[in-house]
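The values are calculated or read from the model by the stated rules, or taken from the named source; none is laboratory data. The shown structure was predicted, so the numbers you read here are calculated from the model rather than taken from an experiment. Cβ coordinates were reconstructed from backbone atoms using ideal geometry, including for glycine residues, and neighbour counts include every protein chain displayed. Heavy atoms of the whole protein, side chains included, go into the accessibility calculation; ligands, DNA and RNA do not. Shrake-Rupley method; radii C 1.70, N 1.55, O 1.52, S 1.80 Å.
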Amino acid sequence: MDGNVFASGSSDLSFRIWDIRQRNACFRVFDKNKCGVSSIKFMPENVNCLAVGYEDFSIKLWDLRAIGKVGKFFDKTSTSFDSVKSMCFSKSGRLLFAAYNTNCVRVWDVLTEQKVGKMES
């Protein structure tokens, strides 16, 4: 981001977009999900797209221009203790690396919404 816009997520089942240059800094509230938000990451070189990781081990890709979800990443083999703890996009933005609290990292293809790799310790 440019340092003025950031996102926050919480256990109130929503995430918010903030711009510190605006009088009302919180200018958008998204998604009353079924569980809390545990991680948020903007796509590199694209301030309009971000990944939101949830406590139910799912990840949703959001487009702020469309004001909606454009993708969902979910591994059917996940367990109830497998919430998303951190995420990072590849330099191109094609891959999304997601770390879970069960000591594994899943690699997602953003275009196909398919898991393309998994690393465990």
Which one of V110, W18, C35 is farthest out on the positive end of the charge dipole of the chain, using unit charges on Cβ (Lys, Arg +1; Asp, Glu -1) and the Cα centre as origin?
W18
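Test of understanding: express the Cα radius of gyration of the chain as a ratio to 2.2 N^0.38 Å, with N the residue count. Write out the running numbers ahead of the final one.
Values: Rg = 14.0 Å, N = 121, 2.2 N^0.38 = 13.6 Å.
In units of the globular-protein estimate, the chain measures up at 1.03.
Could you sort R94, R106 by their accessible area in this structure, using a 1.4 Å probe and putting the largest first?
Numbers: R94 100, R106 5 Å².
In descending accessible area the options line up as R94, R106.
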Between F57, N46, T77, whose Cα lies farthest towards the positive end of the dipole of the range 27-86 when Lys and Arg beta carbons carry +1 and Asp and Glu beta carbons carry -1, centred on the Cα centre?
N46
Suppose every K and R has +1 on its Cβ and every D and E has -1 on its Cβ; what is the size of the dipole of the range 39-92 about the Cα centre, in Debye to the nearest 20?
140 debye
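Would you mind getting the accessible area per residue of the range 1-108, heavy atoms of the protein chains only, 1.4 Å probe, in Å²? Show your work: numbers first, answer last.
Details: 5740 Å² over 108 residues.
Solvent-accessible surface per residue comes out at 53 Å².
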Please give the Cα centre distance for the range 11-59 versus the range 63-109, rounded to the nearest Å.
13 Å
Taking the Cα centre as origin and putting +1 on Lys and Arg beta-carbons and -1 on Asp and Glu beta-carbons, what dipole magnitude results for the chain, to the nearest 20 debye?
200 debye
